Amino acid sequence: MRNIGTDSSTCANVNKNVASGRKTNDVDAITATNVDVSAGTGGEESAVLVNVGGRGDAIVFSNEVESVPSLDEESDDDDDEDSWNSESEDEEEDVDEEFDELLAERLRILADCRALKNLAEAFLHPEQPVKAIPTTFGRNYFDRPSAPAVMDDEDADEEAEILEDVENLKKAARAYLHPEVGVRVEDTTLFGRNYFERPSAPEVETFEEAEERAKILAEAAALKQLASDYMHPEVGVKTTDPTLFGRNYFNRYSAPETEEDEFADERAEALAEAAALKKLAVNYLHPEKSVSVEDATLFGRNYF
């Protein structure tokens, strides 16, 4: 007996799209009928007749869902494709990790190069100001909790004025006690009236007249020195410049030839002997002359 009813199928809905993107055949119509299969089975079970377009009918029992053969083949293909996709995804993940590591290493190298470039620019151009991010800030050195107490602006100004007055007094006292120290002008823009070009200054001679006067006075001083040397030969020659020197009189080119020391000594001895002989001959020829003693320390016993 065959009961035809409107009971719904207990099997899961067949999706049009299966995993990995493959599109299965569309189910044209699914007709649910109750089929009596008690004969030969010993009991009554409710069966569902599923009509799949273009593929024939498939019977699915309520307590046991049988799969369609075409769908089983597709599931096997899907499993293989899923495994292949998982392997490819693992390989892609490995490649992505290597690429990420390479990119990170490149970024670190570029950051180091940029830091070295900034350091070189700061070293070669110290005149450039330091560029700081406006959001950066630090603790104030003067307002820290351990900072010493500071004075107010009024007290600081008064202290500066007192120190300036003390410095001026010190400078005045030093100038008074040491008049030999010249005046030092710290400001190059300072200037004053010239003493020699003031309106009440006496007339001064021109530069040419001053040079002529200096020459005349120098010639008069030279003539005076020459007259003093002529009138007072006993005064020694005064040399003001130690680098001055003159030619030796005896070693000049026009000087006569001179004897050697041996010949000069021998000549002196011969002349001394001749003088002694001459004196002896005079005493012998002129006994009336008294003996003259040139040395007062000489004395002798009187013969008579």
Per residue of the range 194-209, in order, report the coupling 6.51 cos²θ - 1.76 cosθ + 1.60 (Karplus, θ = phi - 60°) as ³J(HN,Hα) in whole Hz, putting x for Gly and Pro. 6, 5, 7, 10, 6, x, 8, 6, x, 5, 10, 7, 6, 5, 5, 5
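Can you tell me how the range 162-289 classifies by the Cα gyration tensor, rounded, prolate or oblate, using a/c under 1.5 as the rounded cut? Spell out each step's value before the answer.
Working: a/c = 3.99, a/b = 2.93, b/c = 1.36.
Prolate.
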Test of the criteria: in the range 129-214, which GluC sites (Glu not before Pro) are in a DSSP loop and have at most 12 other Cβ atoms within 10 angstrom of their Cβ? Glu180, Glu186, Glu197, Glu203, Glu205
Report, ordered by chain and residue number, the lysines lying within cross-link reach of Lys215, taken as a straight Cα distance under 25 Å and ignoring same-chain residues fewer than 8 apart. Lys224, Lys238
Separation of the range 97-114 and the range 129-145 by C-alpha centroid, Å? 32 Å
Tell me, what HN-Hα J-couplings in whole Hz come from the Karplus equation 6.51 cos²θ - 1.76 cosθ + 1.60 at θ = phi - 60° for each residue of the range 262-267, using x for Gly and Pro? 5, 5, 5, 5, 5, 4
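Sort Ser88, Ser292 by heavy-atom solvent-accessible area, probe 1.4 angstrom, most to least.
Values: Ser88 30, Ser292 85 Å².
Largest accessible area first, the list is Ser292, Ser88.
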Could you tell me the accessible area of Asp152 in Å² (1.4 Å probe, neighbours in place), rounded to the nearest ten? 100 Å²
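Carbon-plus-sulfur fraction of the accessible area of the range 201-270, 1.4 Å probe, in percent?
Numbers: 4190 of 7330 Å².
On the range 201-270, the fraction of accessible area on carbon and sulfur atoms equals 57 percent.
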Could you pull out every one of the lysines with an alpha carbon less than 29 Å from that of Lys289, ignoring same-chain neighbours closer than 8 positions? Lys278, Lys279
For a quick check of understanding: with a 1.4 angstrom probe and all protein chains in place, what accessible area in square angstrom does Lys170 have, to the nearest ten? 110 Å²
Chymotrypsin sites (Phe, Trp or Tyr not before Pro) within the range 105-166: which are DSSP loop residues with at most 14 other Cβ atoms inside 10 Å? Phe137, Tyr141, Phe142
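The values are calculated or read from the model by the stated rules, or taken from the named source; none is laboratory data. Just so it is clear, the structure is predicted and the values come from calculations on it, not from any experiment. Quick reminder, even Gly has a Cβ in these numbers, built from the backbone with ideal geometry, and neighbours come from all protein chains shown. Note: areas computed on protein heavy atoms with side chains; ligands, DNA, RNA excluded. Shrake-Rupley method; radii C 1.70, N 1.55, O 1.52, S 1.80 Å.
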